[in-house]
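Structure record follows, encoded as structure tokens.
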Amino acid sequence: MKEFALIFRLNNSSDAKPSPEQLQERMNWLASIAAQNKLADKGNTLSPVQAKTVKPGGIVTDGPFAEIKEFISGYIIVRTETIEEAVAIAQENPIFKVGGSIEVRELMKPHDHK
């Protein structure tokens with residue numbers, strides 16, 4: 001089994017504060033992954049306002065806000081055989097109802113780099 005990060009992106013920070021109904025939909029989606037024993041890490045929500053970007057030369061700026069038009073709102077890690085299976089899991093997420101997107105990336109283990 002491989003592990004894949006599902007990285008949630010939103011276009012608007014107001015979408016980071018879901019309604020109770022949206023929150024329940026997200027919890028149901030997460031529970032369905034856990035029920036299939038494919039949830040490796042339930043991840044976390046990332047703050048849309050408490051963020052800094054550290055650049056070479058000791059430069060620190062507020063958040064990643066100037067560089068991106070959408071922001072990363074959180075992530076989870078799933079365990080599947082293929083990236084296609086991880087994508088299928090991502091496609092069931094309710095984030096698409098608010099115009100968000102999900103980036104799916106395989107986690108590289110130290111032995112994968114040989």
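The values are calculated or read from the model by the stated rules, or taken from the named source; none is laboratory data. Keep in mind that what you see is a predicted model, and the values were worked out from it rather than measured. Cβ sites come from the backbone with ideal geometry, for glycine too, and all protein chains shown count toward neighbours. Note: areas computed on protein heavy atoms with side chains; ligands, DNA, RNA excluded. Shrake-Rupley method; radii C 1.70, N 1.55, O 1.52, S 1.80 Å.
Could you tell me whether residue 70 is more than 12 Å from the chain's Cα centre (by Cα), modelled with pLDDT of 90 or more and not hydrophobic (A, V, I, L, M, F, W, C)? Quick ask: steps written out before the conclusion?
On the way: more than 12 Å from the chain's Cα centre (by Cα): yes; modelled with pLDDT of 90 or more: no; not hydrophobic (A, V, I, L, M, F, W, C): yes.
The answer is no for residue 70.
Could you check, for the range 28-46, whether at least one of its residues is more than 18 Å from residue 92 (Cα to Cα), loosely packed, with under 12 Cβ neighbours inside 10 Å, without any contact (Cβ under 8 Å) to a residue 12 or more places away in the chain and not small (Gly, Ala, Ser)?
Checking the range 28-46: not a single residue is more than 18 Å from residue 92 (Cα to Cα), loosely packed, with under 12 Cβ neighbours inside 10 Å, without any contact (Cβ under 8 Å) to a residue 12 or more places away in the chain and not small (Gly, Ala, Ser).
Could you please find all residues in the range 36-50 being within 15 Å of the chain's Cα centre (by Cα) and among the polar types (S, T, N, Q)? Write out each step before concluding.
Taking the range 36-50 as the starting set, the residues that turn out to be within 15 Å of the chain's Cα centre (by Cα) are 39-48.
Across the range 36-50, the qualifying residues are 44, 45, 47.
Could you list, in sequence order, all residues of the range 101-112 that are modelled with pLDDT of 90 or more and either over 15 Å from the mean Cα position of the chain (by Cα) or over 14 Å from residue 2 (Cα atoms) (or both)? It would help to see each step written out before you state the result.
As a first pass, look at the range 101-112 and keep what is modelled with pLDDT of 90 or more: 101-108.
Answer for the range 101-112, where residues must be modelled with pLDDT of 90 or more and either over 15 Å from the mean Cα position of the chain (by Cα) or over 14 Å from residue 2 (Cα atoms) (or both): 101, 102, 103, 108.
Of the residues in the range 72-97, how many are assigned to a helix (DSSP H, G or I), open to solvent by less than 40 Å² (accessible area, probe 1.4 Å) and either without any contact (Cβ under 8 Å) to a residue 24 or more places away in the chain or among the aliphatic types (A, V, I, L, M) (or both)?
Within the range 72-97, the subset assigned to a helix (DSSP H, G or I) is 83-90, 94-97.
Add one more test, that the residue is open to solvent by less than 40 Å² (accessible area, probe 1.4 Å), and what stays is 86, 89-90, 94-95.
Applying the additional criterion that residues be either without any contact (Cβ under 8 Å) to a residue 24 or more places away in the chain or among the aliphatic types (A, V, I, L, M) (or both) yields 86, 89-90, 95.
Count: 4.
If you go through the range 2-27 one residue at a time, how many are within 16 Å of residue 88 (Cα to Cα) and surrounded by fewer than 12 Cβ atoms within 10 Å (Cβ to Cβ)? Full working, then the answer.
In the first step, residues of the range 2-27 are kept if they are within 16 Å of residue 88 (Cα to Cα); the result is 2-8, 26.
Adding the requirement that they be surrounded by fewer than 12 Cβ atoms within 10 Å (Cβ to Cβ) leaves none.
Residues meeting the conditions: 0.
Would you check which residues across the range 98-110 are within 17 Å of residue 11 (Cα to Cα) and either among the hydroxyl-bearing types (Ser, Thr, Tyr) or part of a helix (DSSP H, G or I) (or both) and list them?
Taking the range 98-110 first, the residues within 17 Å of residue 11 (Cα to Cα) are 98-103.
Result: 98, 101.
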